[in-house]
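One structure is given below, encoded as structure tokens.
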Amino acid sequence: ILSRIIGEDIDLIFVPSKNLGNIKVDQSQFEQVLINLVINSRDAMPHGGRLIIDTKNATIDEEFCRHHPYATVGEYVSLSVSDTGVGMDEETQKHIFEPFFTTKESGTGLGLAIVYGIVKQNGGFIDVTSEPGAGTTFKIYLPRVYEKMVKAKPSKERRIIGKETILLVEDENMLRDLVK
């Protein structure tokens with residue numbers, strides 16, 4: 001899916017860590033985080049570039065927390081999404097997680113707000129580094145868990161209860177069709 005989202009003029013490089021720890025997060029939420037970050041990276045590279053997705057185990061200590069007050073000491077698994085795009089100045093970085101803030105002509109400003117909400121909901125935090133003309137790196141830190149992974153057994157009974165309507169707001173056609 002990511003290859004189709006970014007197009008042919010962006011090189012996608014995936015650097016998975018060996019012996020990566022486990023995290024406890026809803027798979028669809030995690031996919032939404034990754035897709036939203038990749039879409040932002042793609043949009044920051046209108047003439048192509050390089051997108052690097054990297055995973056690692058991370059130990060956050062008090063020294064790190066002194067320089068990053070939003071962080072908490074502990075064991076984490078990090079997901080890093082880096083691009084060689086246009087980058088952001090400090091003023092823009094102060095607002096990127098605010099709902100409806102966007103630098104795009106046709107953006108909704110919800111992508112990074114959703115990423116932020118999902119990461120916070122799962123006990124994690126985000127570190128962003130960027131400079132104009134030098135690209136951007138988003139590092140997502142999610143708490144590492146040591147429980148054994150148990151796959152949920154699919155329910156044999158499938159019932160639809162209620163007649164609710166779900167409002168889906170997404171400006172990317174491909175992502176909207178996928179979620180729909």
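The values are calculated or read from the model by the stated rules, or taken from the named source; none is laboratory data. Since this is a predicted model, take the numbers as computed values, not measurements. Note: ideal-geometry Cβ built from the backbone for every residue, glycine included; neighbour counts use all protein chains shown. Calculation scope for accessible area: heavy atoms of the full protein, side chains included, ligands and nucleic acids excluded. Shrake-Rupley method; radii C 1.70, N 1.55, O 1.52, S 1.80 Å.
Just name the residue that is nearest to Asp11 (Cα to Cα) out of those in region 50-71 that are among the polar types (S, T, N, Q) and open to solvent by less than 80 Å² (accessible area, probe 1.4 Å).
For region 50-71, the residue satisfying everything is Thr55.
Could you say whether any residue in region 75-88 is modelled with pLDDT of 90 or more and loosely packed, with under 13 Cβ neighbours inside 10 Å?
Scanning region 75-88, I find no residue that is modelled with pLDDT of 90 or more and loosely packed, with under 13 Cβ neighbours inside 10 Å, so the answer is no.
Within region 156-180, which residues are of a type in the set (Val, Ile, Thr) and either modelled with pLDDT of 80 or more or within 30 Å of Ile6 (Cα to Cα) (or both)? Before you say what the answer is, go through the steps one by one.
Here is the first cut: in region 156-180, the residues of a type in the set (Val, Ile, Thr) are 160-161, 165-166, 169, 179.
Result: Thr165, Ile166, Val169, Val179.
With the requirement that a residue be touching a helix residue (DSSP H, G or I) at 6+ places or on another chain (Cβ under 8 Å), β-branched (Val, Ile, Thr) and under 24 Å from Gly48 (Cβ atoms), what does region 92-138 give you?
Those that are touching a helix residue (DSSP H, G or I) at 6+ places or on another chain (Cβ under 8 Å), β-branched (Val, Ile, Thr) and under 24 Å from Gly48 (Cβ atoms): Ile96, Thr103, Val115, Val128, Thr136.
So is Asp83 closer than 27 Å to Asp9 by Cβ and not β-branched (Val, Ile, Thr) or not? Break it down into steps so the answer makes sense when it comes.
Values: closer than 27 Å to Asp9 by Cβ: yes; not β-branched (Val, Ile, Thr): yes.
Here the answer is yes, as Asp83 does meet what is asked.
Across region 21-49, which residue is most open to solvent (accessible area, probe 1.4 Å) among those that are free of Cβ contacts under 8 Å to residues at least 12 places away in the same chain and polar (S, T, N, Q)?
Across region 21-49, the extreme among qualifying residues is Gln27.
Taking region 131-146 only, how many residues are in a strand (DSSP E or B) and buried (at least 22 other Cβ atoms within 10 Å of the Cβ)?
Summing the residues that are in a strand (DSSP E or B) and buried (at least 22 other Cβ atoms within 10 Å of the Cβ) in region 131-146 gives 5.
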